[in-house]
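A.B. asks: Can you read through this structure? Questions will come right after.
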Amino acid sequence: MKILVPVDGSTFTKRMLAYLVAHDEWLGDHHEYTLLHVSPALPSRAVSALDKGVLAAHYAEESEKVFKPIRTFLGKQKIQQAAFVAKVGAAAEVIADVARKGKFDLLLMGSHGHGTFGKLVLGSVTTKVMAQCETPVLVVR
């Protein structure tokens, strides 16, 4: 199964990764994982003032801050079949686009746990992804 796992380094990402390794059916060589980090785009004024190399380095550094502890975590869990992809843009739109173009079988996302009223609504990124994406989404809260 081809699984897209959007990550942002938050406690919700950690909770989702813990869920992943706590369920044996998600582990093994029969799954192909792609971990996706989406950096928000800098304002256009800042982008126009920066060298393209500096800008690319900034986005790469931001993604690596998220990916580094996840690589360590996955290594300890003996999950070797994982690709790491960094993109820039609006998170929900990029996630849905990558899921569609990559023809993923499943999207595995962490989401906020809300109070009594908020239980009716998921996190805004998760809600937008579910509205825009045809790929099945498993939400871990």
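The values are calculated or read from the model by the stated rules, or taken from the named source; none is laboratory data. The shown structure was predicted, so the numbers you read here are calculated from the model rather than taken from an experiment. Methodologically, a virtual Cβ is constructed for each residue, glycine included, from the backbone with ideal geometry; neighbour enumeration extends over all protein chains shown.
A.B. asks: Residues of region 72-89 being surrounded by fewer than 15 Cβ atoms within 10 Å (Cβ to Cβ) and under 15 Å from the mean Cα position of the chain (by Cα), which ones?
C.D. replies: Across region 72-89, the qualifying residues are Ala83, Gly89.
A.B. asks: Further question on the same structure: Do you know which of the residues in region 33-42 that are surrounded by fewer than 20 Cβ atoms within 10 Å (Cβ to Cβ) and either of a type in the set (A, V, I, L, M, F, W, C) or modelled with pLDDT under 90 (or both) is farthest from Lys87 (Cα to Cα)?
C.D. replies: Within region 33-42, the match that is farthest from Lys87 (Cα to Cα) is Leu42.
A.B. asks: Filter region 3-24 for residues that are among the charged types (D, E, K, R) and over 14 Å from the mean Cα position of the chain (by Cα) and give the result.
C.D. replies: In the first step, residues of region 3-24 are kept if they are among the charged types (D, E, K, R); the result is 8, 14-15, 24.
Of everything in region 3-24, just one residue is among the charged types (D, E, K, R) and over 14 Å from the mean Cα position of the chain (by Cα), namely Asp24.
To keep it simple, each residue is scored yes or no on (1) on the phi < 0 side of the Ramachandran plot; (2) modelled with pLDDT under 95.
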{"site": "His58", "(1), (2)": "yes, yes"}
{"site": "Glu64", "(1), (2)": "yes, no"}
{"site": "Gln77", "(1), (2)": "yes, yes"}
{"site": "Lys87", "(1), (2)": "yes, no"}
{"site": "Ala91", "(1), (2)": "yes, yes"}
{"site": "Lys103", "(1), (2)": "no, no"}
{"site": "Met109", "(1), (2)": "yes, yes"}
{"site": "Val125", "(1), (2)": "yes, yes"}
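A.B. asks: So for region 7-30 (the condition being of a type in the set (Val, Ile, Thr), within 17 Å of Val125 (Cα to Cα) and surrounded by 12 or more Cβ atoms within 10 Å (Cβ to Cβ)), does at least one residue qualify? Steps first, answer last, please.
C.D. replies: Filtering region 7-30 for residues of a type in the set (Val, Ile, Thr) gives 7, 11, 13, 21.
With the extra rule that they be within 17 Å of Val125 (Cα to Cα), the set shrinks to 7, 11, 13.
Of the ones still in play, those that are also surrounded by 12 or more Cβ atoms within 10 Å (Cβ to Cβ) are 7, 13.
There is at least one residue in region 7-30 that is of a type in the set (Val, Ile, Thr), within 17 Å of Val125 (Cα to Cα) and surrounded by 12 or more Cβ atoms within 10 Å (Cβ to Cβ).
A.B. asks: Does Lys68 count as in a helix (DSSP H, G or I), surrounded by fewer than 18 Cβ atoms within 10 Å (Cβ to Cβ) and of a type in the set (Lys, Arg)?
C.D. replies: Numbers: in a helix (DSSP H, G or I): yes; surrounded by fewer than 18 Cβ atoms within 10 Å (Cβ to Cβ): yes; of a type in the set (Lys, Arg): yes.
Considered against the rule, which asks whether it is in a helix (DSSP H, G or I), surrounded by fewer than 18 Cβ atoms within 10 Å (Cβ to Cβ) and of a type in the set (Lys, Arg), Lys68 comes out as yes.
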